[in-house]
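The values are calculated or read from the model by the stated rules, or taken from the named source; none is laboratory data. Just so we're clear, the structure is a prediction, and the values are computed from it rather than from any experiment. Every residue, glycine as well, gets a Cβ built from its backbone with ideal geometry; the counts of neighbours run over all protein chains shown.
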Amino acid sequence: MTQTKSGKAMTTEKRRERNSAAISPEMKNSEFHRFFVDELKDIYWAEKHLAKSLPKMQRASNSEDLAAQKAEHYEIATYGTLHAFAEQMGHADVAKLLQQTLDNEKATDLALTKIAESFVNEQAMAE
């Protein structure tokens, strides 16, 4: 449960009803909305399976940090697009969550960039 501005508890079902009411039936049934949902499913799948891919990317790049940064760039692009879509469709709660995730991905990318600039790039150039 979450709290509303008035301090009242709100169940997940109530939040869904409130968010659904803000979205027109035409939007819910639109190709755009179906595409949005499909993209959400895709990034969910990617997040779950990324751990399997990182070792392969690491071997190819000779650096775990560079492999992770490549994944971060994919996630940033995807979450940024999904956030814009959510805002366009009136999914305010979803947009907020996607923005939080996007901010986290950008912070991780910044940290990986600092690592890359300090010594990972030097190691890669030496190989």
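Observations, loosely collected:
- Unique match (being closer than 30 Å to residue 110 by Cβ, modelled with pLDDT of 60 or more and among the acidic types (Asp, Glu)) among 26, 64: 64
- Long-range neighbours under 6 Å by Cβ, at least six apart or interchain, first residue without any contact (Cβ under 8 Å) to a residue 40 or more places away in the chain and farther than 15 Å from residue 102 by Cα within the range 38-52, second assigned to a helix (DSSP H, G or I) and not basic (Lys, Arg): 50/71
- Scanning the range 69-117 for residues that are free of Cβ contacts under 8 Å to residues at least 12 places away in the same chain, under 14 Å from the mean Cα position of the chain (by Cα) and more than 28 Å from residue 30 (Cα to Cα) returns 103, 104, 107.
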